[in-house]
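A.B. asks: Mind having a look at this structure? Questions to follow.
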Amino acid sequence: MDHGTARETKAQAVDYARELSERVIRPSDVADGGPALAIGLAPQPDGTYALAVRYRLGLPSVRSIARKVAAEVGTDVDIRRTGRISTLADDPAKVRPRPPVITAHALGETGRTRPLRPGVSIAHAKVTAGTLGAFVHKDGVVHALSNFHVLAGSRQAKVGDTILQPGPADGGRAPRDTVGTLAAWVDLDQHRTALVDCAIALLDDQEVDPEYPVGRVTTTAVALGGEQVAKIGRTTSVTRGRVTAIELDNVVVGYGDDMGEISFDNQIEVESTGTGPFSRGGDSGSLVYRADGVALGLLFAGSESGGENGTGLTYINPIDAVLDALGVTLV
């Protein structure tokens, strides 16, 4: 299918899935009024698209709906089991990653780093550890970009809260390791479909090192599917992957007991092209970019299983949606 036809097929599949869910799904398998079934577009080697259908392991009613949707569409379907999808930072009271952040096992930068640079450990003083994804300008001032669940962590967070580098899980303590304050974020509500998980911190020291392994990343693009991508994160350091789905709706992500499950629309899916995972707990907030140094998205969640090598799938917010929501630009 071409892009336009694939989008039309997706819309029909979403309606069909909701119709089926009203008849057969259990309430426990529902998030925000719809089944725990994500539907989007999967790029094909010849430049066309198939319908991307993602469902959780362990939910028989959702699996049944996924199979019926696939049968209705026909041959142009990429159907995958993901297991549960969770945020990729670790705070037992607020977010539950897969797996927990363990400093001793991290391959990335977990120590104190000055000047600040992308990929290092960072977090709100009451969160354990995530990743500094990028530097952005807001009103001409440099801020650090990461996820809401890394830099804020809960709805109790306030503008001016302390941000530490490294994050508390990696030994960060105030005031010694304070690098800035929470400045802005996009609210998340389990009763409302979300598009982004993002926040920024105003930095005390405006002198930063914005270099990535591919050089500076200053431009953005819309993911079309199939792109070869990379990221640098606090836990798995530099990893490489491939965009396996775009425009995924109803990606249900677990945020722990405090916030429950939140459904995201228009998300991007990435699978590892190496032997290990593309991301693990603590990599939340990493910037995902193409091989030519163009940013595609902000990493925020991962699945328990799936992907060609079985190490799980990673989910990212489209970067333009993140920047627009916060009113910022890449440094």
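The values are calculated or read from the model by the stated rules, or taken from the named source; none is laboratory data. Just so it is clear, the model here is predicted, and its values are computed rather than measured. As a convention, Cβ positions derive from the backbone with ideal geometry for all residues, glycine included, and neighbour counts pool all protein chains shown.
A.B. asks: Look at Arg176 and say whether it is over 28 Å from Phe278 (Cβ atoms) and modelled with pLDDT of 95 or more.
C.D. replies: Values: over 28 Å from Phe278 (Cβ atoms): yes; modelled with pLDDT of 95 or more: yes.
Here the answer is yes, as Arg176 does meet what is asked.
A.B. asks: A follow-up question, please. Please pick out the residue among Gly215, Gly226, Gly281, Gly293 that is of a type outside the set (Asp, Glu) and at pLDDT below 95.
C.D. replies: Numbers: Gly215 fails: at pLDDT below 95; Gly226 fails: at pLDDT below 95; Gly293 fails: at pLDDT below 95.
Just a single option satisfies the conditions, and that option is Gly281.
A.B. asks: Since Gly58 meets every condition but one in (1) at pLDDT below 95; (2) on the phi < 0 side of the Ramachandran plot; (3) outside any strand (DSSP E or B); (4) surrounded by fewer than 20 Cβ atoms within 10 Å (Cβ to Cβ), which condition does it not meet?
C.D. replies: (2)
A.B. asks: Additional query: Among the residues of the stretch 157-173, is there at least one that is in a loop (DSSP other than H, G, I, E, B), surrounded by 21 or more Cβ atoms within 10 Å (Cβ to Cβ) and small (Gly, Ala, Ser)? Talk me through it step by step, then tell me what you get.
C.D. replies: In the first step, residues of the stretch 157-173 are kept if they are in a loop (DSSP other than H, G, I, E, B); the result is 157-161, 165-167, 171-173.
Okay, now just the ones that are also surrounded by 21 or more Cβ atoms within 10 Å (Cβ to Cβ), so 165-167, 172.
Pick out the ones that are also small (Gly, Ala, Ser) and you get 167, 172.
Within the stretch 157-173, one or more residues are in a loop (DSSP other than H, G, I, E, B), surrounded by 21 or more Cβ atoms within 10 Å (Cβ to Cβ) and small (Gly, Ala, Ser).
A.B. asks: Test Thr75 against the stated conditions and say whether it is over 18 Å from the mean Cα position of the chain (by Cα), under 14 Å from Lys10 (Cβ atoms) and at pLDDT 75 or above.
C.D. replies: Values: over 18 Å from the mean Cα position of the chain (by Cα): yes; under 14 Å from Lys10 (Cβ atoms): no; at pLDDT 75 or above: yes.
Spelling it out, it is not the case that Thr75 is over 18 Å from the mean Cα position of the chain (by Cα), under 14 Å from Lys10 (Cβ atoms) and at pLDDT 75 or above.
A.B. asks: Condition first: modelled with pLDDT of 95 or more, out of contact with any Ser or Thr (no Cβ under 8 Å at 6 or more places or on another chain), in a loop (DSSP other than H, G, I, E, B) and hydrophobic (A, V, I, L, M, F, W, C). Now tell me which residues in the stretch 89-141 satisfy that.
C.D. replies: Passing the criteria: Leu116, Val127.
A.B. asks: Quick one: in the stretch 305-326, which of the residues that are part of a loop (DSSP other than H, G, I, E, B) and among the small types (Gly, Ala, Ser) is nearest to Gly140 (Cα to Cα)? Step through it out loud before you land on a result.
C.D. replies: Our first condition is that a residue be part of a loop (DSSP other than H, G, I, E, B); within the stretch 305-326, this holds for 305-312.
Those still in the list that are among the small types (Gly, Ala, Ser) too: 305-307, 310, 312.
Values: Ser305: 42, Gly306: 42, Gly307: 40, Gly310: 43, Gly312: 38 Å.
Checking each candidate, the answer is Gly312.
A.B. asks: Related question: From the list Leu202, Leu151, Leu195, Leu188, exactly one residue is touching a Lys or Arg at 6+ places or on another chain (Cβ under 9 Å), within 22 Å of Ser263 (Cα to Cα) and hydrophobic (A, V, I, L, M, F, W, C). Which is it? Break it down stepwise before answering.
C.D. replies: Numbers: Leu202 fails: within 22 Å of Ser263 (Cα to Cα); Leu151 fails: touching a Lys or Arg at 6+ places or on another chain (Cβ under 9 Å); Leu195 fails: touching a Lys or Arg at 6+ places or on another chain (Cβ under 9 Å).
None of the other options fit; the residue is Leu188.
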